[in-house]
Amino acid sequence: MAHLVRPWQVRYVNDAGRRVPKSTPGAKKVRERAAKWYGQGLPNTPPAKRVPLATDRAAAQRMLDEMVRKLEKGHAGLPDRDASRRPLSEFLAELQSDLTLGLGGKGGKRRRVPSEDQVKLVMRRLRNLTDGCGFACPADLNAAAPARLAKYLQARVGKSRKEDGLSPQTADFYLAAARRLARWLSRRSPVLADLFDGLPGFDPNNDRRHARREISPVELGRLLDTTLNSTRIARRLTGRDRYFLYLVAFSTGYRAGELSKLQPESFDLDAEPPMVTLPARYAKNKKAARQPLPPGVADLLRDYLQSKPAGESVWPGTWSVKPVKLLRRDLAEADVPYVVETPDGFRYADFHALRHSYVSALAASGVSGKELQELARHGDLRLTLGTYTHTRAGALGDAVARLAVPGLVAVSPFATMSRRELEGALAGMLAAFASLLSPPAPVARPVARTRATSGDSRGPSETGRGSKASA
């Protein structure tokens, strides 16, 4: 049974009566009652667990009774009429305040305060969800709530984007927001914390509505050349500005929102290697980033950054809100398709595809998995390899060409070589044939030295023979 306790506490003081560590020379041990009353034996808690209440006994007793009442109702599943009558919109306002402070999640040692945009996105999903399912108060989150939520999400997934539909990935985000709401409400009203945990999720990997593709090196080169020569100004950015924007995006893997925060001071072009630094407050994962730059890109940036004012964004404006609009027109002018159809569906070349192309190009160059994960700034290598790395058909063909198939006889030593190895071998053979067929260079014959003795024109050999004969 729940009851009040006022436990004994031990502390150590010096001669002046101030609290000091136990190891302090001359410290005296003092044993006294705690200033606060504690509640012990609460329902659904360990028997020895104590909860601090108040210094006044009467106030502590009232707090204990209220705490027991709430715990017993929540444990028994009985509705709390006061909480059930409150509109759900009031709870959502409190949840938004908690999310802003970083208090609305599961918790944990590595918990970070979400950004303002993340909080707004979660709250927009929750309001759409509660309005669409007809959840007006906590009492509506009962045993029938999971079925109503499942019907709502499945109906929206079956529609197109123009019809206010959802992709499977976004539907999964809605489901995660609903589970967050249930967990948060369970501590304030008679709502089960695992109310929506039994709902099956969606499969975004096999049904992505907007899957990105790699922009090939040829397409990227055409895009950069066309943009550099463009005389059109888009979102306050000239063609030269957009050229360096796309070039830095591909060379560093920074996202559009991160690129919009870069200043001339962010570029350390004299470092070895050259670096681009992004403060933690602007990074998506809230960690400071230092991305190396290819030396050739650093050389091109020197003249460009000299004209940019210090302390201001290198690429100012609102282009980062919808960066696909900026890139899509440049892609059309460069004759690079924005969307291509593949056996797995349509693949899009939006602004984030430059980041995919950055990771894919690093993987194609032979970068190790750990280095690839660090450069991509991912917490999980599976995300880097599974989503951001796009293998090329030529590389796959070279890999399969090395496959030793039992029962097949190699007609030549070159049968198991890849195309790249064959080209290298052919170049070496041509160089060897060229050296064999070219005429040998004439060899210069040494000129015999003459003796310094006047009147003697014999060579050294003749002089030696003459000397030996005379001897």
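Test Arg148 against the criterion of being among the charged types (D, E, K, R), open to solvent by less than 40 Å² (accessible area, probe 1.4 Å) and over 25 Å from Met67 (Cα atoms), and give yes or no.
Considered against the rule, which asks whether it is among the charged types (D, E, K, R), open to solvent by less than 40 Å² (accessible area, probe 1.4 Å) and over 25 Å from Met67 (Cα atoms), Arg148 comes out as no.
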Conditions first: (1) of a type in the set (A, V, I, L, M, F, W, C); (2) modelled with pLDDT under 90; (3) more than 17 Å from Arg183 (Cβ to Cβ); (4) surrounded by fewer than 18 Cβ atoms within 10 Å (Cβ to Cβ). Ala139 passes all but one, so which condition is the exception?
(4)
Close pairs (9 angstrom Cβ cut-off, 6 or more residues apart or separate chains): in contact (Cβ under 8 Å) with a residue 12 or more places away in the chain in region 40-53, part of a strand (DSSP E or B) and open to solvent by 70 Å² or more (accessible area, probe 1.4 Å) anywhere:
Gln40/His3; Gln40/Arg50; Gly41/His3
Got a sec? Which helices (runs of 4 or more DSSP H) wholly within region 34-103 have at least 3 residues that are among the aromatic types (Phe, Trp, Tyr), within 30 Å of Arg127 (Cα to Cα) and at pLDDT below 90?
none
Any idea which of Ala332, Ala361 is under 24 Å from Leu228 (Cα atoms) and modelled with pLDDT under 95?
Ala361
Determine whether region 240-258 contains at least one residue that is at pLDDT 95 or above, open to solvent by less than 30 Å² (accessible area, probe 1.4 Å), among the basic types (Lys, Arg) and more than 17 Å from Leu362 (Cβ to Cβ).
yes
For Lys28, are the conditions met, namely being modelled with pLDDT of 90 or more and surrounded by fewer than 15 Cβ atoms within 10 Å (Cβ to Cβ)?
yes
Could you list all residues from region 301-315 that are loosely packed, with under 15 Cβ neighbours inside 10 Å and on the phi < 0 side of the Ramachandran plot?
Arg302, Asp303, Gln306, Ser307, Pro309, Ala310, Glu312
Report, by residue number, each residue of region 1-18 that is under 30 Å from Thr45 (Cβ atoms) and among the basic types (Lys, Arg).
Arg6, Arg11
Only listed residue being of a type in the set (A, V, I, L, M) and touching a Pro at 6+ places or on another chain (Cβ under 7 Å), chosen from Leu278, Leu293, Leu327, Leu301:
Leu293
Starting from residues that are closer than 29 Å to Asn142 by Cβ and open to solvent by 60 Å² or more (accessible area, probe 1.4 Å), keep the ones in region 104-120 and report whichever is modelled with the highest pLDDT.
Lys120
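Inside region 347-374, can you point out the residues that are among the aliphatic types (A, V, I, L, M) and crowded, with 18+ Cβ neighbours inside 10 Å?
Initial filter on region 347-374 (among the aliphatic types (A, V, I, L, M)): 349, 353-354, 359, 361-364, 367, 372.
Matches in region 347-374: Ala349, Ala353, Leu354, Val359, Ala361, Leu362, Ala363, Leu372.
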Of all residues making up region 133-152, the number that are at negative phi and free of Cβ contacts under 8 Å to residues at least 24 places away in the same chain
8
Can you name the residue in region 269-295 that is within 16 Å of Leu259 (Cβ to Cβ) and open to solvent by 60 Å² or more (accessible area, probe 1.4 Å) and, of all such residues, is modelled with the lowest pLDDT?
Lys284
Is there any pair linking a residue in region 266-295 that is in a strand (DSSP E or B) to one that is loosely packed, with under 14 Cβ neighbours inside 10 Å and of a type in the set (D, E, K, R), with Cβ under 6 Å and at least six apart or on different chains, and which?
Met275/Arg290; Thr277/Arg290
Quick check, is Thr226 surrounded by fewer than 18 Cβ atoms within 10 Å (Cβ to Cβ) and either in contact (Cβ under 8 Å) with a residue 12 or more places away in the chain or outside any helix (DSSP H, G or I) (or both)?
no
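The values are calculated or read from the model by the stated rules, or taken from the named source; none is laboratory data. Computed from a predicted structure; not experimentally measured. Please note: Cβ atoms are built from the backbone with ideal geometry, for glycine as well, and neighbour counts cover all protein chains shown. Heavy atoms of the whole protein, side chains included, go into the accessibility calculation; ligands, DNA and RNA do not. Shrake-Rupley method; radii C 1.70, N 1.55, O 1.52, S 1.80 Å.
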